Each structure stands twice: as structure tokens, then as C-alpha cells.
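These notes are about the structure you will find just below.
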């Protein structure tokens, strides 16, 4: 059995998780179920990072925020999947923001508001 809160293995007959102290009845998960748990924040980060290229900078900012929220959870819970999605969302969010800054800068130079 594994704790759903921290991912630690729980010994048979234990009433509480030895790592985080959560009651076993509330956190009992089999090894197969724990391996299938994917972070929702990581998924949201990747989706927002991709959509940020097409739908605007707000989604790129959300991708960065969701990644920052999701990444620390992977160290606490080894059964949690999706770290690659969180990293990809972070990178795509940063690229999306850099692209928006470049486009705005280019427009301002073209219109004569900035001189190179």
C-alpha cells in the first residue's frame, strides 16, 4: 500500500503513514493505482503552454504558474506522474511570453515608437 498524500509505502497493519502521519484508512492505495496518478496541474500547464502560442499571453502566464505549483509535488510523491509535462509547460510558457515581447517590440519599432 502507498499513501496518497506523500507516496510513502505503508507497512501492513499500520494505522498511520510513517512519513506524514495521515490515517491509513483515508490514504490506502494499491501499487497499481499509485503508478497511474498524473498531476492535474502538470497537465494544465502543458495545455496552457501550447494554447498560449495561439490564444495569447495570459495562457502562457498560466502555464508558468501551474508549472511552478506542480513541480514541487513530484519530490514529495514518487508515485505522481507528469513531471515532464510540467517542465514542458514551463518552457512553452516562457517561450510564449518571449514571443509576445518580441512581437510587441517589433511592432513598436515598425511604427516608429522605438529607434534601433
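The values are calculated or read from the model by the stated rules, or taken from the named source; none is laboratory data. Just so it is clear, the structure is predicted and the values come from calculations on it, not from any experiment. All Cβ positions, even for glycine, are placed from backbone atoms using ideal geometry, and neighbour counts span all protein chains on display.
Laid out as a table, the results:
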{"item": "Of all residues in segment 11-40 being at pLDDT 80 or above and assigned to a strand (DSSP E or B), the one that is nearest to residue 66 (Cα to Cα)", "result": "38"}
{"item": "Qualifying positions in segment 79-116 - at positive phi and in contact (Cβ under 8 Å) with a residue 40 or more places away in the chain", "result": "82"}
{"item": "Residue within segment 93-109 that is under 14 Å from the mean Cα position of the chain (by Cα), crowded, with 19+ Cβ neighbours inside 10 Å and part of a helix (DSSP H, G or I) present", "result": "yes"}
{"item": "Positions within segment 66-84 being closer than 26 Å to residue 1 by Cα and surrounded by 15 or more Cβ atoms within 10 Å (Cβ to Cβ), in sequence order", "result": "70, 71, 73, 74, 77, 79, 80, 81, 82, 83"}
